[in-house]
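Written out below as structure tokens is the structure these notes cover.
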Amino acid sequence: MTLADTARVSDNPVRRPKQLFRNLSAKFASIPMILTALVVFVGGTAWTVAHSFTKSRLLPKWDFVGLDQYERLWNSNRWIISVENLLIYGVCSLVLTMVLGFTLAALLDRKIRFEGAFRTIFLYPFALSFIVTGLAWQWILNPDFGIQGVVRNMGWESFTFDPLNDPDIVIFGILIAGLWQGTGFVMVIMLAGLRGIDEDIWKAARVDGIGITKTYVRVIIPMMRPVFVTALVIIASGIIKLYDLVVAQTNGGPGIASEVPAKYVINYMFEAQNLAQGFAASTMMLLSVIIVLVPWAYLEFGGKKRG
Amino acid sequence: MVDATSPTAGRILEGPRGSKPKSRLSRRNIFLYGTLLLVSIYYLLPLYVMIVTSLKGMPEIRLGNIFAPPVEITFEPWVKAWAEACTGINCDGLSRGFGNSVKILIPSLILSISIASVNGYALANWRFKGSEVFFTILIIGAFIPYQTMLYPIVIILREIGLMGSLWGLVLVHTVFGMPILTLLFRNYFTSLPEELFKAARVDGAGFWGVYFRVMLPMSIPIFVVAMILQVTGIWNDFLFGVIYTKPETYPMTVQLNNIVNSVQGIKEYNVNMAATLLTGLVPLVIYFVSGKLFVRGIAAGAVKG
């Protein structure tokens, strides 16, 4: 979207006074887009950020209290746990989906038989909602009837695998479900990237006697940098939205052990009647997105524009 | 390794990327297919367990193994999940949520795709001053966490009297579907040959004339991709459904979560799994029917303009 192909920009390069009325249908047709961009995206976000400096409770009010809400936020045990959980989930999910997604794509790219069948199997969970995913895994990880119960029934009485009821590892129980749902998607992106690589590269590597693994690590992965970056950005922006999965699988429990920021925001805004606290938390979410995205956008688009 | 012993396996493995086929059951092949099969089990297991559980009676679930196939197949749980399961005081099953989801899905689909396709068309062929700026804001907006926009939308919906109604949710889906769909259509229309557009213009067609007579008939595939993207996206939505609707208008995902995670009564795992499968059925059918187009849809979403 950066390399503006100027070829199609209006028929007449000379600016005329009636600029506003030229191309009227197109402007009329773009009203929904303009409203969405300005009112909802820019306006809505600015409104929320502004109101995070107030002490709105049940209804939004303009009584400025500075950074009080943020102070309370970072003193809240629940918020700290939420952020920690998101960090653990985020890092693990980022690394594992990338590694597994790429490995699966590389395996499928080895000219194997039944590629279509395997791809269909790896991708189908992505079509399911997080609610369905969460409930399915909640059942499989059920301590009495799920994996733990089955193994115990087979005679290993002391076997323990109950992540959803153990505060220390509950986030990994959610991670298992998250990986199940999302890895196929990364695999598809990676596979598209691998297919875009010239066959000659492989021939050259073979002529030089470089092994397959070494070719992947030394040649292919560096060549696929843009694909990795795209995948990374998509996964990262998905991780921060983590909400439905937690609601379905554990609803934040046991206790508050699997709370996440998105859930904190929604609970404070719509259940605890503490709007400004929710606004402050959502502003922190926005801030973290900016911290992740701005360097990427700068590297990705900033350079090209000048070039 | 049934496949590796078939006569065609050797030929396929001889592709330029693979190493030379030393023997059909080479260590490499065993490793390759073994890994893929193992991973397939991890992916298929939840679906299998859900199906098996939903076909058992409760006594069998309590005594048996969740991985075991049902001894006595019963469709009772499916009937109960569809027509009798309770959320709060309503005991008319998931059918209500299904109906709501359909009522949300169809108008959202029509509205969001028509708006986004016209937007994309305007951005590709009828640029005006500032159009790229709005488009850039729209795309950046796709990365803003929804949480920062949730409450302002509540205010907007309340002002226009749509808070809690299905139409409010339709509007929300249209707004949040816009970035990705507009990008999809803009890129597609930009890729069409420019001569087409020019020829139609010379023939005297205006903005809408070109759109309906030239662009629309030529872009059926991209409309199908957009539809797949939106059907799965809207059907699977939970967040907007739970915030912008009331219990009577809850979409299927929200109702499902309320049924399964309700704290009252005895847990009926078979009914829960039948309900979960029912909710997942629509996107699953779309996925298995659309095949390559689904992949194209998510790839289009992934690849930036």
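Quick note: the coordinates plus some simple rules give every number you see, no bench work behind them. A quick note: this is a predicted structure, and the numbers were derived from the prediction, not measured. Cβ sites come from the backbone with ideal geometry, for glycine too, and all protein chains shown count toward neighbours.
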Answer in debye to the nearest 20: the dipole magnitude of the range B:95-302 about its Cα centre, from +1 Lys/Arg and -1 Asp/Glu charges placed on Cβ, is 120
Compute, for the range B:74-198, the length of the dipole vector about the Cα centre, with Cβ point charges of +1 (Lys, Arg) and -1 (Asp, Glu) only. Units Debye, rounded to 20. 240
What's the center-to-center distance, using Cα atoms, between the range B:57-88 and the range A:176-254 in Å? 38
Work out which helices of chain B, taken as complete DSSP H runs, extend at least 27 Å along their axis over the Cα atoms and score a mean Kyte-Doolittle of -1.0 or more, then list them. B:27-54, B:95-125, B:166-191, B:269-290
Placed amide H near B:Thr87: partners under 5 Å, 5+ positions off or other chain: B:Asp92, B:Gly93
Likely footprinting exposure, B:Arg201, B:Arg27, fewest C-beta neighbours within 10 Å first: B:Arg27, B:Arg201
At 0.692 mPa s and 37 °C, plugging the Kirkwood radius over alpha-carbon pairs of the protein assembly as shown into Stokes-Einstein gives what diffusion coefficient in µm²/s? 124
No other cysteine beta carbon under 4.7 Å away is the test; run it over the protein assembly as shown and list who passes. A:Cys92
Sequence-distant or interchain residues sharing an amide H contact under 5 Å with A:Thr54, placed H: which? A:Val65
Under 16 Å from a label point 7 Å along Cα→Cβ of A:Arg72: give me every residue in the range A:270-294 with its amide N that close. A:270-284
Put +1 on the Cβ of every Lys and Arg and -1 on every Asp and Glu Cβ in the protein assembly as shown; which of A:Phe28, A:Phe159, B:Asn100 then has its Cα farthest towards the positive end of the dipole? A:Phe28
Estimated [θ] at 222 nm from DSSP helical runs (n ≥ 4, -39500 (n - 2.57)) normalised by residues in chain A, nearest 500: -18500 deg cm²/dmol
For chain A, what are the DSSP H helices with axial Cα length of 24 Å or more and mean Kyte-Doolittle hydropathy of at least 1.0? A:77-108, A:170-195, A:275-297
Report the extension gain between B:Glu132 and B:Asp92 in nm, rounded to one decimal, defined as 0.36 nm multiplied by the number of residues separating them, less their alpha carbon distance. 9.5 nm
Counting helices only, and only those DSSP H runs with n ≥ 4, report the 222 nm mean residue ellipticity of chain B as the sum of -39,500 (n - 2.57) divided by its residues, in deg cm²/dmol to the nearest 500. -21500 deg cm²/dmol
Label-point gap, in nm, between A:Gln273 and B:Glu248 - each point 7 angstrom along Cα→Cβ: 2.4
If you stretched the chain out fully between A:Asp208 and A:Asp166, how much longer would it get, using 0.36 nm times the residue separation minus the C-alpha to C-alpha distance? 9.9 nm
The range A:69-306: Cα Rg divided by the 2.2 N^0.38 Å rule of thumb: 1.20
Among B:Glu132, A:Glu199, what is the fewest-to-most ranking by other Cβ atoms within 10 Å? A:Glu199, B:Glu132
Only Lys, Arg, Asp and Glu count, each charged at its Cβ (+1, +1, -1, -1), so figure out the dipole size of the protein assembly as shown about its Cα centre, rounded to 20 debye. 2220
Distance in nm between pseudo-label sites at A:Ala50 and B:Leu37 (7 Å out along the Cβ direction from Cα): 6.4
Considering the dipole of chain B built from charges on the beta carbon (Lys and Arg +1, Asp and Glu -1) around the Cα centre, which of B:Gly265, B:Ala205, B:Leu169 is farthest to its positive end? B:Ala205
Looking at A:Ile240, B:Phe294, B:Ile160, which one has the Cα that reaches farthest to the positive end of the dipole of the protein assembly as shown (charges on Cβ: Lys, Arg +1; Asp, Glu -1)? B:Phe294
Which residues does the label zone of A:Phe64 cover in the range A:261-293, counting backbone N under 11 Å from a point 7 Å along Cα→Cβ? none
Filter B:Lys80/B:Lys267; B:Lys198/B:Lys292; B:Lys103/B:Lys292 down to the pairs with a C-alpha to C-alpha distance above 25 Å, please. B:Lys198/B:Lys292; B:Lys103/B:Lys292
